[in-house]
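Enquirer: Below is a structure I'd like to ask you about.
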Amino acid sequence: RRISRSMKIIRVEPVEQHFSLTWQLGTRCNYDCMYCPTIYHDATSKHHSLETLQATWIDVYEKTKRASYKISFTGGEPTNSRAFLPFLRWLRDTYDCNFKILLTTNGSATYKYYSRLYEYVDNVSFSIHSEHIDEKMEEYWGKKEMERQLANIRVERVIVFLALIAGLIWVVTGR
């Protein structure tokens, strides 16, 4: 198609100055949400080792070598991996880059885990779906406990909103 004579493209340039990457760490997840295709989650696949995550990042970095990166981690459920937190620590400690690290999680890790995670991430989206708020989740989190936990994580940086389809989602930004 031709562009209309009344329109003229003056310049096209990237909006973001950083290299943006969405990294699906694996498919292992402790939930089985009805809307999530099975290619994105399962209960049996193995998590990647710290060494595998490091080697993968080294490969990405060697091919891109940027000063700034935006990495969005997804899964499966990234917080289920024992290597995830050590990997984030290694990434920030080893590379002198401007990182913006984002995480999408189902919120099933412990408060203590999220408190440590908060040191390494810039934005965490907690997504808790009504189909999984059973007695165990209510016992584990509970509304008052979740409010208390969020208050402990720099309340001025917390945005809480209700997503009509997906359920209740908390977005915590930090750093």
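Table: residues versus (1) within 17 Å of Asp32 (Cβ to Cβ); (2) modelled with pLDDT under 85; (3) part of a helix (DSSP H, G or I); (4) open to solvent by less than 30 Å² (accessible area, probe 1.4 Å).
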{"site": "Leu91", "(1), (2), (3), (4)": "no, no, yes, yes"}
{"site": "Ile101", "(1), (2), (3), (4)": "no, no, no, yes"}
{"site": "Tyr114", "(1), (2), (3), (4)": "no, no, yes, yes"}
{"site": "Phe126", "(1), (2), (3), (4)": "no, yes, no, yes"}
{"site": "Glu147", "(1), (2), (3), (4)": "no, yes, yes, no"}
{"site": "Leu150", "(1), (2), (3), (4)": "no, yes, yes, yes"}
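Enquirer: Taking the stretch 51-89, which residues are within 24 Å of Cys36 (Cβ to Cβ) and part of a helix (DSSP H, G or I)?
Expert: Thr52, Leu53, Thr56, Pro78, Thr79, Asn80, Phe84, Leu85, Phe87, Leu88
Enquirer: In addition: Look through the stretch 50-71, keep the residues that are under 18 Å from the mean Cα position of the chain (by Cα) and not aliphatic (A, V, I, L, M), and return whichever of them is nearest to Leu102 (Cα to Cα).
Expert: Among them, the one singled out is Lys70.
Enquirer: Can you tell me which residue is farthest from Thr27 (Cα to Cα) among those in the stretch 70-82 that are crowded, with 19+ Cβ neighbours inside 10 Å and among the small types (Gly, Ala, Ser)?
Expert: It comes out as Ser81.
So that you can scan it fast, the table gives a plain yes or no per residue for (1) among the charged types (D, E, K, R); (2) at pLDDT below 85; (3) open to solvent by 60 Å² or more (accessible area, probe 1.4 Å); (4) on the phi < 0 side of the Ramachandran plot:
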{"site": "Leu21", "(1), (2), (3), (4)": "no, no, no, yes"}
{"site": "Cys33", "(1), (2), (3), (4)": "no, yes, no, yes"}
{"site": "Lys46", "(1), (2), (3), (4)": "yes, no, yes, yes"}
{"site": "Leu50", "(1), (2), (3), (4)": "no, no, no, yes"}
{"site": "Ser68", "(1), (2), (3), (4)": "no, no, no, yes"}
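Enquirer: Another one. Any residue at all in the stretch 9-18 that is in a loop (DSSP other than H, G, I, E, B), surrounded by fewer than 17 Cβ atoms within 10 Å (Cβ to Cβ), at pLDDT below 85 and of a type in the set (S, T, N, Q)?
Expert: So far as the stretch 9-18 goes, yes, one or more of its residues are in a loop (DSSP other than H, G, I, E, B), surrounded by fewer than 17 Cβ atoms within 10 Å (Cβ to Cβ), at pLDDT below 85 and of a type in the set (S, T, N, Q).
Enquirer: In this structure, does Glu139 turn out to be open to solvent by 20 Å² or more (accessible area, probe 1.4 Å) and either modelled with pLDDT under 65 or in contact with a strand residue (DSSP E or B) (Cβ under 6 Å, 6 or more places away or on another chain) (or both)?
Expert: yes
The values are calculated or read from the model by the stated rules, or taken from the named source; none is laboratory data. Remember, it's a predicted structure, so these values are computed and weren't measured experimentally. Cβ: placed from backbone, ideal geometry, glycine included. Neighbour counts: every protein chain shown. The protein model used for the area step is the full one, side chains on, heavy atoms only, and it has no ligands, DNA or RNA in it. Shrake-Rupley method; radii C 1.70, N 1.55, O 1.52, S 1.80 Å.
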